[in-house]
1. Can you work out the accessible area per residue across the chain, with the rest of the protein chains kept in place, probe 1.4 Å, in square angstrom?
2. Return a whole-number percent for the relative contact order of the range 337-468, with Cα pairs under 8 Å and 6 or more residues apart as the contact set.
3. Ignoring any ligand, DNA or RNA, what whole percent of the accessible area of the range 13-62 comes from carbon and sulfur when the probe is 1.4 angstrom?
4. Over the range 12-65, what relative contact order in percent results from Cα pairs under 8 Å that are six or more residues apart?
5. A 29 angstrom limit on the alpha carbon distance is what I want to check against. Which of 293/450; 82/293; 82/450 exceed it?
6. Could you pull the accessible area for residue 370 with a 1.4 Å probe, rounded to 10 Å²?
7. Using alpha-carbon pairs under 8 Å, 6+ residues apart, how would you state the relative contact order of the chain in percent?
8. After finding the eigenvalues of the alpha carbon gyration tensor for the range 275-354, what semi-axes result from the square roots of 5 times each, listed largest first in whole Å?
Amino acid sequence: MNKTLDIPLTQRARARLAPGPKGNPILGVMAEFSRDTFAFIERCRDYGDVVSMRFLYLTAYFLYHPDDIEYVIATNAKNFIKSRNQRSPLFRRLVGNGLLTSEGEVWKRQRRLSQPAFHRHRINAYAETMADYAERTISTWRGGEIRDIHRDMMRLTLEIVVKTLFNADVSADADKVGRVLSRIVTPFAGQATIKWIMDNRLPTMTHRRFNRDAREIDAIVYRIINERRRSGQDEGDLLSMLLKAHDEDGGHMNDQQLRDEVMTIFLAGHETTALTLSWAWYLLAQNSGVEKKFHAELDEVLGGRLPAMADLSRLQYTEMIARESMRLYPPAYALGREAVEECEIGGFRVPAGAQVFMFQWATQRDARFFARPEEFRPERWTEEFSNSLPKYAYFPFGGGPRTCIGNYFAMMEIVLVLATIGQRFRFSLLPDHPVSLMPAMSLRPKDGIKVTVENRRATSKTRAPRKL
Ligand code: HEM
């Protein structure tokens, strides 16, 4: 008898094999998946809520129903570890054994130690920084100019994460970190999540550059950690919190662990937030009714002044815009796990070692849970609707024990940045620059999002810009 299984053997024996596409005798569904990832995910849904397939030598399952997603990431989370793609040596080289990648006791300890750094009262103190940095970003923008709003949002969220993490302004360090970071994730870009399960071997040249970049960023991170250890000052930033954190037995994180967590937060915390902002601007530019209501809320609540922490509870429509943007364009568009022991999901047998994927992209556009799912309708997010929704029909931040530790940070940043920029400018999409999706590690716009900037009001008033 297998002790970790939660269903009796007789019932297990009856559990059926899930249906699914057969694919090629050698590659399985690899080619179809890589050719057009989202079309493939959509097509698979026709087989049912649990679909099985083979990627080369790996058995994989796609889950579409919120109850099955809940089973894997929350109620039976103990039987699952992160999927293979997240254990690839390259990814490990980048984020080490930080929160995203670690498992078991190591993960538990790191999560416990990191949690205080993400407490609301601590994060609330960053509100001013977020709004100020957004204000500074747009201070040189002019009506009529053409910009890549995705690139702008990437830079802004990097500045914010560097400031809140290291209390460092965009000094030479932060700029360098930004440059190296964007270069370093390129081996993962352009390849769908599951594809790099198998081929994480890179051509030697790319490999060498990747390692050089990784060493460069390590040196910067270690130097900052050392300086802070020497000065012993609490700078009120995430790094100070991580340095202070200790176990019941007084144990602190060592330099290697600190480095891994800092890199993890860099990676997990800046691109996802930038993408939500980019897709929100993209959607607003195409939905004038929503945009009008957005502007009306900003004018009423803020009347031209920079938003502050205290305004958040009144920027409700702006928050709904953020939620609805993440429904349609979830930055983390898939979650992946590996079954440790054989189990049963939705009545189907899932063997040990199977890779299990759940797609925010698909479930959050499922007509069973969202009326007119393709429409951008922030007003759907009433309290009543949120409460009636199955828990895992909407899961942009994941869920269960491995839920995003930065979700409050992210939501606050998104609302404050939308409000700051939305007061001053609106954007129209360039007609000759179609926006297409790139399912890399996160859901990116393939060639950016090119917009024309249009003035809404001349300058924001009532508060002189602070020195950053
Ligand atoms: C819109 C923005 C964001 C989205 C959509 C997002 C999404 C996610 C998702 C889906 C997971 C769970 C992954 C899984 O279960 O396999 C996750 C985990 C994580 N996120 Fe976020 N995230 C965002 C912002 C942030 C920010 C701002 C930070 C930090 C400042 C952050 C730090 C982390 C960390 C450390 C984990 C790993 C947690 C653990 O396993 O204990 N994220 N995020």
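1. Per residue, the chain has an accessible area of 43 Å².
2. 14 percent
3. Values: 1490 of 2630 Å².
It is 57 percent, rounded to a whole number.
4. 37 percent
5. Too far apart for the 29 Å limit: 82/293; 82/450.
6. So the heavy atoms of residue 370 present about 0 Å² to solvent.
7. Values: 694 pairs, mean separation 122.2, N = 468.
26 percent.
8. Taking √(5λ) for each eigenvalue gives 41, 14, 10 Å, largest first.
The values are calculated or read from the model by the stated rules, or taken from the named source; none is laboratory data. All values derive from a computational prediction rather than experimental measurement. Because the Cβ atoms are built from the backbone with ideal geometry, glycine has one as well, and the counts that use them run over all protein chains shown. Areas reflect the complete protein model, heavy atoms only, side chains present, ligands, DNA and RNA absent. Shrake-Rupley method; radii C 1.70, N 1.55, O 1.52, S 1.80 Å.
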